[in-house]
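Working notes for the structure below.
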Amino acid sequence: MLKKIIISLIPVIAIAATPSYALDDPNKCPSVESMRSISFNHVEKEDENSQWLVSTETAYKYDTNVDWHVVTYADAKDEAEALQKANSLLNLVQFVDGPAPFGRAWLCMYQNEDDMVMAISGMDDSKLMKKLMYKKR
């Protein structure tokens, strides 16, 4: 799953690295507790099988100094199940690493033994974020 998420990031990093793109360094990653206060609210079908990309459509500061989008994948039969699984996942993951620079963006990683959640900062333009997260393959 991590590989899929990182591969999804690659096309937009070049756009994010343009000179006009400004980014504050995050002082820390969002705590899992603060991410639980905001539910996942956007689902996009990722493939023809049962893979869904689930995210926060709006960026939030959580308990940090910068805005973050949170994203994960879910295997589900429909959008409602994907949202339910992703929101339940926030109760199971633990912080792993970050903030780690990725181009001019920043990543924070959270996981349990099976699944991963990523917080992404530096995508302050919603169109850039949608290109990043919902790129068609």
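The values are calculated or read from the model by the stated rules, or taken from the named source; none is laboratory data. No experiment lies behind these values; they were computed from the predicted model shown. All Cβ positions, glycine included, derive from the backbone under ideal geometry; neighbour counts span all protein chains shown.
Residue count for the range 55-65 under the criterion of being surrounded by 18 or more Cβ atoms within 10 Å (Cβ to Cβ) and either more than 14 Å from the chain's Cα centre (by Cα) or in contact (Cβ under 8 Å) with a residue 60 or more places away in the chain (or both): the result is 3. Quick check on ALA76: is it small (Gly, Ala, Ser), surrounded by fewer than 21 Cβ atoms within 10 Å (Cβ to Cβ) and farther than 18 Å from MET116 by Cβ? No; evaluated as a whole, the condition is false for this residue.
Applying the criterion of being in a strand (DSSP E or B) and in contact (Cβ under 8 Å) with a residue 24 or more places away in the chain to the residues of the range 86-106, the residue that is surrounded by the fewest Cβ atoms within 10 Å (Cβ to Cβ) is GLN94.
Set side by side, the residues ALA17, ALA22, ALA59 differ, and just one is farther than 12 Å from MET118 by Cα, in contact with a Gly (Cβ under 6 Å, 6 or more places away or on another chain) and modelled with pLDDT under 90, which is ALA17.
Candidates MET109, MET118: the one that is crowded, with 21+ Cβ neighbours inside 10 Å and not in a loop (DSSP other than H, G, I, E, B) is MET118.
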